[in-house]
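Have a look at the structure below, then the notes.
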Amino acid sequence: MKLKYTFCALAISAAPFSWAHDHHWSYESPDQWGEINADFATCKNGQNQSPIDIRSAVNGQLQPLAVKYNAKQKSIVNNGHTVQINVQDGDDIKVDDETFTLRQFHFHTPAENMINGESFPLEVHFVHSSAQGGLAVMGVMFKPGAVNPTLEAILRSVPAKVNEEKRLNKPLDLSSLKPVNKQYYRYSGSLTTPPCTEGVRWLVMKDAVYASPAQIASFEKILGEHGNSRPVQTLNGRVIVE
Ligand SMILES: [Zn+2]
């Protein structure tokens, strides 16, 4: 599996179709993922699972996250689990002196992580991987409000058919997917989809960005009646740093 490139979205065209069939999972019963297959056992037995409710963060004096995304987007797909935009290599972030390159970003409705008990209607995950095989995910929450121009461009481009990958010829301006305030929470977690692999560095921005109620409703419609959000998992003594 090209796990490090596909992350929360395993059924993109890179994955063999039979694989997706043999390991069928859905958002109807996320508490059952660990029973589907031995490969998914971490979904049940893992002690560092995502998402979480981010509370009682410890002051680790994290510096604002320097993120500048300029890379060209390659394609957009609704893979049946999420709407995902695959990008060309070129945008890096540094975490623990390790370089992580942006591979793709995708959406969850409702949001997966919570912040101090607050849940949000939509969350975007920017998925990065390192040459050493590490994963770092930046999460950004959406609040209902003004129309988000980046989301508008994305919603216009989503292919009508599931698993139809459409090339993006015009670059998307990602600036309205990132809050102005670059303060964030950090914790150690997992993939939020099977196989729920742990060791993922989670960076969740403190401030939300806006999406209009109509845009949020569009994502809800595309992603189906059960949404695509795994419930929050127990912290098991993990420390959240801010
Ligand atoms: Zn995700």
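The values are calculated or read from the model by the stated rules, or taken from the named source; none is laboratory data. What you see is a predicted model, and the numbers here were worked out from it, not measured in a lab. Neighbour counts run over all protein chains shown; Cβ positions are idealised from the backbone, glycine included. Note: areas computed on protein heavy atoms with side chains; ligands, DNA, RNA excluded. Shrake-Rupley method; radii C 1.70, N 1.55, O 1.52, S 1.80 Å.
Placing +1 on the Cβ of every Lys and Arg and -1 on the Cβ of every Asp and Glu, with no other charges, gives the chain a dipole of roughly 620 debye about its Cα centre. The P(r) of the chain has a tail past 33 Å containing 11 percent of all C-alpha pairs. From its DSSP helices (H runs of at least four residues, each -39,500 (n - 2.57)), the chain gives a residue-normalised ellipticity at 222 nm of -3500 deg cm²/dmol. Its relative contact order, with pairs defined as Cα atoms under 8 Å and 6+ residues apart, puts the chain at 28 percent.
Element breakdown for region 171-217 at a 1.4 angstrom probe: carbon and sulfur atoms account for 55% of the accessible area.
Each residue was assigned an accessible area with a 1.4 Å probe, and for Ile36 the value is about 70 Å².
Ranking Ser129, Ser26, Ser175 by solvent-accessible area of protein heavy atoms (1.4 Å probe, all protein chains present), from largest to smallest, gives Ser175, Ser26, Ser129. Projecting the Cα atoms of Ala111, Gly134, Ile154 onto the charge dipole of region 3-223 (Cβ charges, centred on the Cα centre) puts Ile154 farthest toward the positive pole.
As an equivalent ellipsoid, region 101-216 spans semi-axes of 22, 19, 14 angstrom, where each value is the square root of five times an eigenvalue of the C-alpha gyration tensor, largest first. When peptides 231-237, 96-102 are sorted by average Cβ neighbour count within 10 Å, with the highest value leading, the order is 96-102, 231-237.
Separation of the alpha carbons by more than 28 angstrom is noted, of Lys68/Lys166; Lys94/Lys221; Lys74/Lys182; Lys72/Lys94, for Lys94/Lys221. Over region 60-126, the ratio between the Cα radius of gyration and 2.2 N^0.38 Å evaluates to 1.30. By the Kirkwood approach, averaging reciprocal distances over each pair of separate Cα atoms, region 18-86 gets a hydrodynamic radius of 16.2 Å.
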